[in-house]
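Quick note: the coordinates plus some simple rules give every number you see, no bench work behind them. Predicted, not measured: the structure shown is a model, and the values here were computed from it. When we count neighbours, we look across all protein chains shown, and the Cβ atoms used for this are built from the backbone with ideal geometry, even at glycine.
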Amino acid sequence: MKKTLLCCFVAVTGISFSQNVTENKVNFGYIQLPENPIDESYTTFEVFVERTYEKANEDSLMAYQTQLEIAAANYEAELTAWRAQEKNQQREYLKQMALWQKQIDAGQTAQQPIRPNPLPQPVMAEVKDPWLHSDITDEAVTNQISLEGYSKAPGGASITIGVLPISDFSIVNKKSGSGTSTKYAYTANYKLPVTIKVETPSQGVILNTIIRNNVQSYKMETYVTPYDFQLWWLDNEATFWADFEQKVRNTVFAETKKTLNNKCGFPVKTRACEVYTVKKFKDHAYNDLTNAYTAAQQGYMAISGSRDYSGGHAKLREANKIWEQMLTESNLADKKSRVNDKVTALLYCNLAESYCWLNDFNNAMKYVNLAKGAGVNKFKRIAERIENVINNNKKRYNANN
């Protein structure tokens, strides 16, 4: 496995609220565990490309050929009818001319018939060329795919990326403003899904999913009137499609990389948490809280060196020991006590966050629930946010252990 060096940053802010509670913001890096882990015996991966859009191109060409044949058949039918009408019109004209000539030859006065204008000849209906998906090389896909914690080489995990066709394409506009300030903003709606399959020789299929299988929006330009857009479209339809296709493909490949790493990789993430201390409250001292913060800060900075976060565990346990000792003084009913309701609630939140990174999710959730029930709304909201982190980490930890 590749080893990644992570940088950690700690920022202490002076944000305080009542009871002189201070939020000490700590930003630290960590290695996120995969939801769908690859067996640890594999350290490499290969990317293969399936061009599902090729079938769409074939279907479009077949439909185009069918439309050409229908247009040609309709044209032939219209042309046959036109020739018959022309012949009938000519026949009627010649009959009139014959009668007129007889009258003239008999010495009668007669007005010469006027030759009728030719009937408009039918024109074959135009069949627009289909928008075909351009081919994409293996390199154009594989160069955009990486899997954190693994290197590209044969013999490991196989990642198959299925490039589907663009579908459900439409262009819409939205009017805004009024009078001379009226504008029409244009958007192209479309679908461009990609399938992702990850498998290994020993595990079989680990991940098989489809992403972006819903309507997406591509922002176009804004025009003063819809007719200005139509004028632009007359000259730029073909070039628009090529540019649009490339950009939306790049977007979906970026999403593919993100999904792969979220599900199967070991990406480096950053967690921004708070470690709460109290500077001063009445005549009470909180040096123990400061000492615990220092230990916790050192612990969080050290978890980045390993996937199980064990590098920071000793310092986090040191902080937890101090916080849990302080809880023995908790007095929720006496707001003047050293460990009153707010201090108790902040201790619960500190402990919930710390136990999460110790991979002790039972204790982490115990303190989340205590914080939510302590009657301090601020820390109830903080505990709810920590709970989301705990649930995510627990799910990933269990998948890997």
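Put simply, of 113, 118 the only residue that is touching a residue at least 12 places away in the same chain (Cβ under 8 Å), loosely packed, with under 11 Cβ neighbours inside 10 Å, not small (Gly, Ala, Ser) and not in a helix (DSSP H, G or I) is 118. The number of residues in region 26-48 that are surrounded by fewer than 18 Cβ atoms within 10 Å (Cβ to Cβ) and over 30 Å from residue 299 (Cβ atoms) comes to 6.
Annotation note: of 353, 384, the sole residue that is within 19 Å of residue 273 (Cα to Cα), among the charged types (D, E, K, R), in contact (Cβ under 8 Å) with a residue 60 or more places away in the chain and out of contact with any Leu (no Cβ under 7 Å at 6 or more places or on another chain) is 353. Scanning region 226-259 for residues that are exposed (fewer than 12 other Cβ atoms within 10 Å of the Cβ) and among the β-branched types (Val, Ile, Thr) gives a single hit, 239.
Scanning region 133-153 for residues that are touching a residue at least 12 places away in the same chain (Cβ under 8 Å), under 15 Å from residue 48 (Cβ atoms) and loosely packed, with under 12 Cβ neighbours inside 10 Å turns up just one, 153.
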